[in-house]
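Notes follow once the structure below has been shown.
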Number of protein chains: 2
Amino acid sequence: MPNPPSNSKGSDYAAAGVDMDAKYRAVEMMTAAVKSTYGPEVLAGIGAFGGLYDAGGLLRSMHSPVLVASTDGVGTKVELAARAGRYEPLGEDIVNHCVNDILVQGARPLFFLDYFATSAIRPEITAAVVSGAARACRQAGCALIGGETAEMPGVYLPGQFDVAGTIVGAVDRGRILPRPTLGPGDQLIGIRSTGPHTNGYSLLRKIFAGTPLETVFPELGVTLAEALLAPHRSYLPVLAPLLARENSPVKALAHLTGGGWIENPPRVLPEGIGAEVQLGSWPVPPLFTLVQRLGEINPREMYRVFNMGIGMLAVVARDDVDEVRRQIPEETWVVGELVAGEQKVILK
Amino acid sequence: MPNPPSNSKGSDYAAAGVDMDAKYRAVEMMTAAVKSTYGPEVLAGIGAFGGLYDAGGLLRSMHSPVLVASTDGVGTKVELAARAGRYEPLGEDIVNHCVNDILVQGARPLFFLDYFATSAIRPEITAAVVSGAARACRQAGCALIGGETAEMPGVYLPGQFDVAGTIVGAVDRGRILPRPTLGPGDQLIGIRSTGPHTNGYSLLRKIFAGTPLETVFPELGVTLAEALLAPHRSYLPVLAPLLARENSPVKALAHLTGGGWIENPPRVLPEGIGAEVQLGSWPVPPLFTLVQRLGEINPREMYRVFNMGIGMLAVVARDDVDEVRRQIPEETWVVGELVAGEQKVILK
């Protein structure tokens, strides 16, 4: 984020389609929200060339500190959000997506940086997205220490924008997930998603291209906008207590993002181990059934694109299943197990 | 970056404008370049949910380690690069821009993550940009431990793409720049830029909108494409030896990016200290003179948008000027000094 406004007018640059004043107004509008994420570790944030995060205390508290970093975007969910005029949830989407991506390696977030680019900056939209990101950062105990707002006429379609972000967290080397103890018979516990999260939106947009976002399908009970734009949830609050235990029973986690059920679990499986998933073992939310019917999409493709109602899988030994499910303060489902075989997912 | 191809075809998703196979081909094409940036600290990179960087050794070697992070984009230079079909330099642009942004706080880079989003993935373009980023990472001793390639039909204009990135580095707390000893009389040493770097491109595109990129203006001696697309240089090689010294004479650095001479130096000045810059004390490269003439841009606006031939300023005590200039292995210029007064830049 740039520093506060200077007294220059920028008329020539403005004529080229770049409104520096809009950028500064956006920064002013988001500053309080961003600063609300700062703990004492943040030595410099908004306005500095780079954000400064004092990692001394945290990293010295670990035996062998490993930094974990991930960059992601929210995909074409941004286009739907623009149509619906709902911007703040996108900030939660990007932060929570990133939080979950490093959680599956056992890491807790330290700090986050946002990237917002658009054809023409409208300060209230940028500020809403960043404020949503700041809220999700506060909830994750993570500082929003930097970011960039870019105005790019001629690159983005008019009125369109993109939202991406980068998270950095830390994990003690001995606690990195997945654990080497993964093996046949380990059970897959599914934790619910809050919608399609940030995946499959180009397909969703195609299917609902002719449907007004205010439409209420009876099986959804809410407007299409609400169903499609529900923010990506964070699994940190329900999983962090389990992961923090001295002998955590969680052997692996898989975040069901782009590539869905088919491509994500293999990312944490060792060679010679596959996963069998029992279809019907959890309730598929009506949105996915509706999408499948309207789009005439074959079942395998549905499971390759969407999370189908389960956003995170935890892999635990059979003996630990009951205890782990008791420790997760919401309904979960045993949805399958690891088996000897090819490093892939079999839907049964 | 996603993991390698599965055996699914993705026909429905492809019909919605998302070509998963193109994404996987891009990943295959860039993998060797990305892996060439890995040192022994990288425990997981391409294909993992998040990149893993073992920070134990480095951070224990510091008295009080501070992480420094910055996100940036290359702006609408991407549009010119697309027109010229020159993609690889954009990867250097984004990495070097980020390297310089944390260098001004005294930090050396640890790792980098890229973000590449486009209307429709063309694997060779994505791979070229990421390969350029990998080359710049290698030169900076920095690992490219993650990234995201996003296909976003309906958000980007056809054929357009965006390139952004995030860098994380480290600095010992006692060596953070700027130093509190900055004061009136300190001298500004200017180090040359390699062109407009990544700033002012919307204005440049407007000025040269009707000019073929193959045009050779006599004062430039190279094609317009070459002049405008020269990659943003990194100042790490020429400044790192100075910064590493026990009592480094460098009190502050300012990276002259967006906001140029007017807005960047004040970001490192304490209250009650301004900077006087002596116009004419360094040779303004002919590209900027040409731009000013063709665009009929007033001088102050030129210095607010462009670096005018100086990409980095080092602030040093008057007594250290000669020694610092000897230590920088290229021509430099004394371009001004700090003065008591408002926290701003006065062009004289």
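Counting only protein chains, not ligands or nucleic acids, how are A:E88, B:E124 ordered by accessible area (probe 1.4 Å), most first? The partial results should precede the final answer.
Details: A:E88 65, B:E124 90 Å².
Listed by decreasing accessible area, they come as B:E124, A:E88.
Which one, A:L103, A:L253, A:L220, has the greatest fluctuation when you compute a Gaussian network model over chain A with C-alpha springs under 10 angstrom?
Result for chain A, Cα springs under 10 Å: A:L220 fluctuates most.
Using a 7 Å offset from the Cα along the Cα-to-Cβ direction at both A:D21 and A:R318, what is the distance between the two label points in nm, to one decimal?
Placing both labels 7 Å along Cα→Cβ, they lie 7.1 nm apart.
Divide by every residue of chain B the summed helix terms, -39500 (n - 2.57) for each DSSP H run of at least 4, and state the resulting mean residue ellipticity at 222 nm, rounded to the nearest 500 deg cm²/dmol.
One gets -9500 deg cm²/dmol as the mean residue ellipticity at 222 nm.
Shortest first, in nm, what separates the label point of A:P180 from those of the same position in the other copies (7 Å along Cα→Cβ)?
Those separations, rounded to one decimal, come out as 4.8 nm.
Take every Cα pair under 8 Å in chain B that's 6+ residues apart, average their separations, divide by the length, and report that relative contact order as a whole percent.
Working: 738 pairs, mean separation 71.6, N = 348.
Reported as a whole number, the value is 21 percent.
Could you provide, to the nearest whole Å², the per residue accessible area of segment A:187-347 with probe 1.4 Å?
That works out to 38 Å² per residue.
Take chain A, connect every pair of alpha-carbon atoms lying under 10 Å apart with a spring to form a Gaussian network, then pick out the residue of A:G195, A:G75, A:G39 with the largest mean-square fluctuation.
Its mean-square fluctuation being the largest, the pick is A:G39.
Please identify which residues in segment A:179-202 have an amide N closer than 14 Å to a label point set 7 Å out from the Cα of A:A340, following the Cα→Cβ vector.
A:183-186
Would you work out the charge dipole size for segment B:219-348 about its Cα centre, treating the Cβ of every Lys and Arg as +1 and the Cβ of every Asp and Glu as -1, and quote it to the nearest 20 debye?
On the way: 12 positive and 16 negative charges, 32 e Å.
Taking the Cα centre of segment B:219-348 as origin, the dipole is about 160 debye.
Output, in nm with one decimal and in ascending order, the distances from the B:R318 label point to the matching label points of the other copies (7 Å from Cα along Cα-to-Cβ).
Relative to the other copies, B:R318 has label-point distances of 8.3 nm.
From the Cα gyration tensor of chain B, with a ≥ b ≥ c the square roots of its eigenvalues, which class applies: rounded if a/c is under 1.5, or else prolate if a/b is larger than b/c, or else oblate?
oblate
Between B:G259, A:V78, A:P40, whose Cα lies farthest towards the positive end of the dipole of the protein assembly as shown when Lys and Arg beta carbons carry +1 and Asp and Glu beta carbons carry -1, centred on the Cα centre?
A:P40
In nm, to one decimal, how far is the modelled label at A:Q327 from the one at B:E271, with both set 7 Å along Cα→Cβ?
Taking the simple label geometry, A:Q327 and B:E271 are separated by 5.0 nm.
Quote the FRET efficiency, to the nearest 0.05, computed for B:L294 versus B:R138 with a Förster distance R0 of 25 Å and r equal to the Cβ-Cβ distance. Write down the numbers at each step before the final one.
On the way: r = 38 Å, r/R0 = 1.50.
The value I calculate is 0.10.
Please name whichever of B:S61, A:T194, B:M308 sits farthest to the positive end of the charge dipole of the protein assembly as shown, dipole taken about the Cα centre and charges placed at Cβ: Lys and Arg +1, Asp and Glu -1.
Positive-most Cα among the choices belongs to B:S61.
Where the only charges are on Cβ atoms (+1 Lys, Arg; -1 Asp, Glu), what is the dipole of segment A:12-175 about its Cα centre, to the nearest 20 debye?
It comes to approximately 540 debye.
Which of the listed residues, B:L242, B:L287, B:I207, is farthest toward the dipole's positive end in segment B:187-347, when Lys, Arg count +1 and Asp, Glu count -1 at the beta-carbon?
Positive-most Cα among the choices belongs to B:I207.
If you take the beta carbon distance between A:M29 and A:E226 as r and set R0 to 25 Å, what does 1/(1 + (r/R0)^6) give as a FRET efficiency, to the nearest 0.05?
The value I calculate is 0.50.
Keeping all protein chains in place and using 1.4 angstrom, which order do B:E28, A:E246 fall into by accessible surface area, from largest down? Working shown, then result.
Details: B:E28 120, A:E246 150 Å².
Ranked from most to least accessible, the order is A:E246, B:E28.
Given the options B:A150, B:A107, B:A254, which has the most mean-square fluctuation in a GNM of chain B, springs set between C-alpha atoms less than 10 angstrom apart?
For chain B, modelled as a Gaussian network with Cα springs under 10 Å, the answer is B:A150.
Could you tell me how far the Cα centroid of segment B:154-202 sits from the Cα centroid of segment A:177-202, in Å?
Centre-to-centre distance over Cα atoms comes out at 39 Å.
For segment A:21-99 and segment A:251-286, compute the distance between their C-alpha centroids and round to whole Å.
Cα centres, segment A:21-99 to segment A:251-286: 29 Å.
Consider the operator that turns chain B into chain A: which B residue has a Cβ nearest its axis, and what is that gap in Å?
That would be B:T166, 2.
How large is the charge dipole for chain A, taken about the Cα centre, if only the Cβ atoms of Lys, Arg (+1) and Asp, Glu (-1) carry charge, to the nearest 20 debye?
For this selection, approximately 180 debye.
Rounded to two decimal places and with Rh computed the Kirkwood way over Cα pairs, what is Rg over Rh for segment B:12-175?
1.01
Using square roots of five times the C-alpha gyration tensor eigenvalues, list the equivalent-ellipsoid semi-axes of segment A:187-347 in whole Å, biggest first.
Equivalent-ellipsoid dimensions as semi-axes: 29, 18, 12 Å.
Considering only protein heavy atoms and a probe of 1.4 Å, how much of the accessible area of segment A:213-348 is carbon and sulfur, as a whole percent?
Values: 2840 of 5590 Å².
Carbon and sulfur atoms account for 51 percent of the accessible area of segment A:213-348.
Put the label 7 Å from Cα along Cα→Cβ for A:P299; what are its distances to the other copies, in nanometres, shortest first?
7.6
The values are calculated or read from the model by the stated rules, or taken from the named source; none is laboratory data. Predicted, not measured: the structure shown is a model, and the values here were computed from it. Positions of Cβ are backbone-derived with ideal geometry, glycine not excepted, and every protein chain shown enters the neighbour counts. All accessible areas refer to the heavy atoms of the entire protein, side chains included, with ligands and DNA or RNA removed. Shrake-Rupley method; radii C 1.70, N 1.55, O 1.52, S 1.80 Å.
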